[in-house]
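Quick notes on the structure that follows.
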Amino acid sequence: MQIFEQIASMRQACRELQQRGKTVGLVPTMGALHDGHLSLVRAARAQCDVVAVSIFVNPLQFGPKEDLAKYPRDFERDCRMLLAEGVSLLFAPTVEQMYPPGASTVVHVEGLSDKLDGKLRPGHFHGVTTVVAKLFEIVRPRFAYFGQKDAAQLAVLRKMVRDLNMDVELVACPTIREADGLALSSRNVYLSPEQRKQALCLSRALSRVQTLAAAGEHRPATLLCATRQIIAAELAVNVDYAEIVDPDTLDPVHDLQRGALVAIACTVGATRLIDNVLLPPMKARHWSKAARQPATRPGQVPGVAAHPDERRLTRWTQ
């Protein structure tokens with residue numbers, strides 16, 4: 001595995017491979033690798049001649065009060081993991097390489113960058129699109145691999161690629177979970193044992209939504225109410241957002257006929273976690289009779305008791 005810190009040397013290595021007819025797949029990461037990242041590497045290895053991975057903790061996508069300074073870093077461990085997976089090229093630039101003095105250009109995807117995570121983390125997606133655009137120019141991969149767990153990021157990057165006519169195909173890979181359902185994240189290391197148990201409410205809530213939708217429930221308000229009731233039971237978990245949106249536009253949907261993205265962001269202790277599921281399209285003729293019946297009260301799932309502390313639910317509607 002070749003390791004590059006300089007843009008020029010990484011670019012040269014990629015161009016030489018491409019001139020020889022090799023297909024290059026890129027897996028952009030911020031390091032602190034886990035099995036979710038490795039699943040992207042394996043997907044790239046199955047599809048491409050050469051796998052390139054980037055490790056760069058991108059300061060442009062962190063807010064002033066976020067965890068840039070303490071974001072987990074273990075470069076030697078990451079290198080061992082990538083070597084074992086057969087990665088050919090590792091690009092690990094410095095901040096000065098990626099953002100030299102005087103650099104002021106950013107990539108902004110209008111209409112998407114201020115939704116979901118972008119709404120609560122102003123400037124976050126500007127940082128993501130800027131660094132990914134730079135990586136695409138340096139590596140010029142044929143394919144680039146991202147996890148479905150970062151669904152909003154995927155929507156923003158897909159629009160950037162379309163709008164700028166970039167010659168790269170984005171590949172979305174399934175979210176990888178622990179046996180108990182917790183979505184893998186580099187930030188999971190921040191969680192105490194008790195907080196980790198509390199964090200399972202995210203996957204439980206999403207699983208409940210999937211079950212209800214499969215049974216014929218098509219009303220987003222009713223599905224979100226079920227989600228609220230599950231997460232509200234964990235008093236230490238605070239909700240940043242819970243929305244049912246179009247996976248491409250990130251706009252709220254009014255039914256599930258064309259499918260939808262159910263996205264959740266919560267803070268457990270001081271750790272912010274995100275998770276989501278994609279619901280498949282639901283044809284109107286498959287809506288069940290039970291799903292068409294009025295709920296016990298607006299937004300309440302029939303048969304599911306309302307949470308006694310209604311004040312905790314106001315966060316979801318503001």
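Just so it is clear, none of the values below were taken in a lab; they were calculated from the coordinates. For clarity, every value in this text was computed on a predicted model and none was experimentally measured. Note: ideal-geometry Cβ built from the backbone for every residue, glycine included; neighbour counts use all protein chains shown.
Under the rule of at least 5 residues apart or a separate chain, name every residue whose amide H is placed under 5 Å from the amide H of SER54. Correct list: VAL27, THR29, PHE91.
Annotation: extensible slack from ALA214 through GLN6 equals 69.9 nm (criterion: 0.36 nm per residue apart, minus Cα-Cα distance).
Amide hydrogen proximity for CYS173: with H placed 1.01 Å from N in the peptide plane, the residues at 5 or more positions away or on another chain lying under 5 Å are PHE146, GLY147, GLN148. Secondary-structure-derived ellipticity at 222 nm for the chain, considering helices only, amounts to -10500 deg cm²/dmol, per-run term -39500 (n - 2.57) for DSSP H runs with n ≥ 4. Each residue of the range 120-128 was assigned a 3J(HN,Hα) from its phi angle through the Karplus curve 6.51 cos²θ - 1.76 cosθ + 1.60 (θ = phi - 60°); the sequence is 8, 10, x, x, 4, 6, 4, x, 5 Hz, with glycine and proline shown as x.
Exposed loop trypsin sites (Lys or Arg not before Pro) only (DSSP loop, at most 11 other Cβ atoms within 10 Å): please give the longest stretch of the chain free of them, not including the sites. Excluding the exposed sites themselves, the longest stretch runs over 71-282.
Projecting the Cα atoms of VAL27, GLN97, ILE230 onto the charge dipole of the chain, computed from C-beta unit charges around the Cα centre, puts ILE230 farthest toward the positive end. Computed from label points 7 Å out along Cα-Cβ, the spacing between GLU137 and ASP167 is 1.6 nm. Taking 0.36 nm per residue of sequence separation and removing the Cα-Cα distance, the ASP251/GLU76 pair yields an extension gain of 58.9 nm. Out of every Cα-Cα pair that the chain contains, those further apart than 26 angstrom amount to 50 percent.
Here the simple spin-label model places points 7 Å from the Cα toward Cβ, and for THR267 and LEU68 these points are separated by 1.9 nm. Taking a ≥ b ≥ c as the square roots of the Cα gyration tensor eigenvalues, with a/c under 1.5 meaning rounded and otherwise prolate when a/b beats b/c, else oblate, which class fits the range 2-173? Rounded shape, in that the Cα axes give a/c under 1.5. For the range 124-229, GluC sites (Glu not before Pro) are listed when DSSP marks them as loop and at most 14 other Cβ atoms sit within 10 Å of their Cβ; the list is GLU178.
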